[in-house]
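Read-outs: derived from the displayed coordinates by stated rules, not from any lab. Computed from a prediction, not measured in an experiment: that's the story for all the values here. Don't worry about glycine lacking a Cβ; one is built from the backbone with ideal geometry, like all the others, and counts go over all protein chains shown.
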Ligand code: GCO
């Protein structure tokens, strides 16, 4: 397999030569999933309705009217899925907890049956020597809280703190890594800004209120975590994308800075500096009404790590009117239409390290969708393998450059419910037949397995 960006480094993986790459001993290799995307069992054991149940039932919102009702049936097949992870040889598994399984109405009494599922899952993982890494919020807000205003309301952050504190108490250090939120930009902008995701609201200014309450929810959860003196780690995951100017012109550079402010700095700055970017006056004016004294102290509380989800980059230019526009992808694209740009991972993490570090970093998601097909019981997905190889190579470069990268989670373990695209986009390194629930490890999964086997650690 020829790597277009860094052929010599691939030899270090033992892909083309004999040398194996030397990752730090405690570097975590894993796979990631999310509750609504894989669990199914939407109406079992007292689970409440989530905003994604409601949204996916709203005509026209999800491709083909797909829902997460059954998904990968992981709720029942988790043992099989953990066995696959064991076979692959991963160190850690990043999953998310469905808030409406724990609190069907978002608050009140714990639904023990829902909680027991995660206890069983964690137990199974630990038994198989795989570290559990749990995300508390991967977008499935209880619908009952959305009915009260959802993330547009400050109370939701308080309810999240209660839910988070309960999970810290119940699962504590059996979970080795706690991630408060996954991608608050998506929850806020896609959910409340342009309505592409649940709950499907579209008002640009109020999405910044949602973003503030999400960040506050993170800060409050962090506070609850610290009070318990747990020994595991806690952090947050952001979806960051480097924004490159289309040219050296001052206008395009300013455009790229704006795009970076919207996509990246609006979250990084409050978390690591304790204030919103000061060069974004319209955003600042829109968010001002919901900021209360003390919020930034909570939001910028010290985390043990930052999780970064990286898939692609943007190249942006000035639109000539003080705004910006993204250029079409400049290279090969995945089934999502996202440009494959491994160098962006390197550039992004170096930048985050320099501007916001030192802070341990994890790549909590990286992977690619391709239209896979089963051929005589096998799934040949060379493009996904190449995608992973190229991004792993950037991880090596980052470590060599002294960036404190501590782990890498491939998105995703399983083909799953890809939000507004339903089951029409396959991100798994394991194929799922959604009719029969049969799992087939794809060639990329086999490649990951042999990569992990060949690793020299220490
Ligand atoms: C996200 C989510 C995942 C997606 C994945 C592919 O980054 O959007 O964390 O749930 O499935 O990123 O789009």
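Here are some notes:
- Length-normalised contact order of the chain in % [C-alpha pairs under 8 Å, at least 6 apart]: 19
- As a proxy for reagent exposure, 252, 116 were ordered by neighbouring Cβ count within 10 angstrom, fewest first; the result is 116, 252.
- Sorted by Cβ neighbour density within 10 Å, fewest at the top, the residues 169, 47: 169, 47
- Site pair residue 262 and residue 456 shows an inter-label distance of 4.7 nm when each label is modelled 7 Å from Cα along Cα→Cβ.
- Estimated 222 nm signal from helices in the chain, with DSSP H stretches of n ≥ 4 weighted -39500 (n - 2.57), rounded to 500: -11000 deg cm²/dmol
- Sorted by Cβ neighbour density within 10 Å, fewest at the top, the residues 336, 167, 85: 336, 85, 167
- Rh by Kirkwood over Cα pairs, then Stokes-Einstein D for the chain at 1.306 mPa s and 10 °C, µm²/s: 71
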